[in-house]
Every structure is written in structure tokens, then in C-alpha cells.
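The values are calculated or read from the model by the stated rules, or taken from the named source; none is laboratory data. These numbers were taken from a predicted model, which means no experiment stands behind them. No Cβ is skipped: glycine too gets one built from the backbone with ideal geometry, and neighbour counts run over all protein chains shown. Accessible surface is based on the protein model in full, side chains and every heavy atom, while ligands, DNA and RNA are left aside. Shrake-Rupley method; radii C 1.70, N 1.55, O 1.52, S 1.80 Å.
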Amino acid sequence: MSALGKFVGSQTVRELLQKGIINKEGVRLLDCSFVPGVKPDWKKFRLEQYGKFDKLAQAKTRGREMYLAGHIPEAVHADLDLAMYPGQYERFSQYPPEVFEQYIELLGVNRGEHLILYGRGAYHGMMWPARFAWLFKSYGHQEVSLLDGGLEDWANRGFEITQEVPKLPKGNWKAGDHFKETLITFEELESVNGNYEPKPVPDIEPTDPEAEQKEKEAKWSKEMEDWEKRNRGHMLIDQTSSINFLDSRPRAQFEGLQESGLNQMYCDAAHIPGFLNLPVGEMFTDEGTIKDPAMIKAWLEENGFSAGKPTVTQCMTGMQASLLAYGIEYALPDHRPRLHSGSLKEMEVRDPRKVSGGHRHIPLSANAKL
């Protein structure tokens, strides 16, 4: 199925179904419907649910309910809340390959199969599938396509919607480790010449005598001052002239004109200075399908992107940034973006001072996106 591109149309998928190819001749169809919820307690999840996919699959989720209410024939449901887990700093953390592959095998996926991913909702049903696409890429599986226009396009064409859930045997899919080529961590972003130095942590206990607390606080303040001198302005994330650092959120969120989900108790601004704003929604036509590669390439260049530089994509929790990275590879097949999976929600906890660009008094809104 190498003829299938990074985006496939509804008519193509329908023909694959009519020919009996999906689930029988090396092509799988995954419904990636998803509705994010509040981040679970990461410590409790680690102890009780981490990697326990049989148990996790029993939970009722909005995405699963959407799938059961109606989906494309032969599609199985792939849930981001099973494929990823809540980490200490990240809303969506990636399992080690040997754990992630257990979940994908439960979906009936086999080695070498081509995966067609679709969804509904955000960005014409392509944001959640794009996160899955980048997940698969980070585990070494490149044979992936997104359904252009998502389930909405399929339904608008009058194609069949079913509630029948296919019963598939366990697959034999295996995951590799391609994290370094596809992802970038907070530690790497804040490294200086490849070396990451954690911030000093104050060693102050509430039970310490007042004089001792003051002494420890003064010591910590001096350590922080020295750390700032060694690191600020020298980190990889500060090298904005030599790296495409891309923020994929809508322009109003990037500028702080619309609330985006950043906690103003930690971050009193809207973006990281030096990042370019390339809103992922601008990659799509008014009809809700992906623009052609030449148009996306021109749009990238118009917004300051340079194909000769390395690229890092970011948003709030890695969702929009995955779709932008996927779109960049669609327009520039030889370019290799890397995703900061934790994105700004990780930054707000671990280094909120970096988020210092844009307006500082953000109007409240219920329209924030991931």
C-alpha cells in the first residue's frame, strides 16, 4: 500500500472497503475519536493503571462513546488515553516501546501494515489522528495516512456509517525507539552545549528555625543567580536564529488576546520569545481539507520558516504541534521536524519564566485548544 500518501480522500477509503482490503490485505483503519479530560493524578495512575490496557479499556470515555455511536465500517477505536499516560510534567507522556506495542497489538495491528487514521472534531477531524501518526512515527512505523477531512467529510458524502465493532485477533506489531529523531525533550531544549543542568532546589523545611530558613533561602538565591548566568541565553531553546521554533496555536492565543489554558499563576504571558507562530489551522482549505504541498510550503516561508534549519514544533500539550509537524513533512518530505510533546504545559511548570512573550493580561475564554 505504498501508493497511499500522507493524506487520503474519503473516496479512496471507500474503494478500499468495497474491495475488501481493509483488515484483510495489509491495511487497517483506526478511529481516533477523543475528548480530553482533566489530567489524572500521575502518581496514582503510575501505581494502579500504567500499561494495564485491559483494565484501561474497560473505562467509558467520550471518544469511545462517539466511536460506538457511529464510525466507518471496519474501523477499530484507538484511544489516546490508552496509547499515552499522564506523566509528572506532561499531560500526555509516551510509553516505552515494549509497553506501547502491547496496546497496538490489542487493536489487531500487524507488522508492516498501512494505517489509515481518522477522527472528528478539532481541525476537521485531523488533530487527534495526527497525534497518533506522530506516535507511530516515533516508534518507527512510517506507513500511515490521515483521512483528509475526517469523519465529517466521509459523512457529508453520504458514505456508510455503522455501529458494528469488528472483532480482530491480536496483532503482532512491534515498536522501535525513534524518539531522538522525532521528539525533543525539555532537558534537551534547556541544555547548554548538550549538557542539561537542573535548577537548584531550595532545601527549606517548614520546621526549620526562622534564622536557618533565611540562611537557606539566601544560599538558594545565590545558587539560582549563578545558574541563570550560566544558562540563560545559552540554552538550545535560545538559539532562535538557527532553529525553526514553531508555535502552532491560533494567532490570538499566541499573542495573548485569547486565553489558551496557560495557568496565569505561573505564566503571566502567552508565548516563548523567538518562536514563530504558524497556526496549524491555516494549512486547511475553507472546505476542511489539506492544502496542496506547494501552498503549505509557501505559507511556511511567508511566516519565516527556513527549510535549511532544524525544526521544533510546540503548542500546549503536543496535539496541534503534531499536526503541524505532519503537515511540514507532507509539504517538505525531506524535512524532519521534532515535536516537543510536553509543550507549553510542561514549560509552565518547569520553567515558566521562558513564557514571557505576548500580552500579560489575557481575557478569559472557554475556547482554548490543546
Any chance you could count how many residues in the stretch 149-180 are surrounded by 16 or more Cβ atoms within 10 Å (Cβ to Cβ) and touching a Pro at 6+ places or on another chain (Cβ under 7 Å)?
1
Looking for something among the β-branched types (Val, Ile, Thr) and touching a strand residue (DSSP E or B) at 6+ places or on another chain (Cβ under 6 Å) - is there at least one such residue anywhere in the stretch 38-51?
no
Of the residues LYS55, LYS60, which single one is over 30 Å from GLU15 (Cβ atoms), at pLDDT below 95 and not in a helix (DSSP H, G or I)?
LYS60
Can you tell me how many residues in the stretch 181-234 are among the aliphatic types (A, V, I, L, M), within 30 Å of GLY274 (Cα to Cα) and surrounded by 11 or more Cβ atoms within 10 Å (Cβ to Cβ)?
5
As an exercise: evaluate ALA269 against (1) small (Gly, Ala, Ser); (2) under 30 Å from ARG157 (Cβ atoms); (3) surrounded by 18 or more Cβ atoms within 10 Å (Cβ to Cβ) and give the number of the one condition it does not meet.
(2)
Are there helices (runs of 4 or more DSSP H) fully within the stretch 129-214 with at least 1 residues that are under 30 Å from ARG64 (Cα atoms)? List them.
150-156, 179-182
Quick one: how many residues across the stretch 325-358 are aliphatic (A, V, I, L, M), touching an Asp or Glu at 6+ places or on another chain (Cβ under 9 Å) and open to solvent by less than 10 Å² (accessible area, probe 1.4 Å)?
2
Quick one: what pairs do we get from the stretch 62-84, first residue under 20 Å from VAL99 (Cα atoms), second part of a strand (DSSP E or B) and open to solvent by 10 Å² or more (accessible area, probe 1.4 Å), C-beta under 7 Å, 6+ apart or different chains?
MET84/GLN94
Residue pairs, Cβ under 9 Å, 6 or more apart or interchain, first in the stretch 29-46 and β-branched (Val, Ile, Thr), second in a loop (DSSP other than H, G, I, E, B) and surrounded by 14 or more Cβ atoms within 10 Å (Cβ to Cβ). List them.
VAL35/THR61; VAL35/GLY121
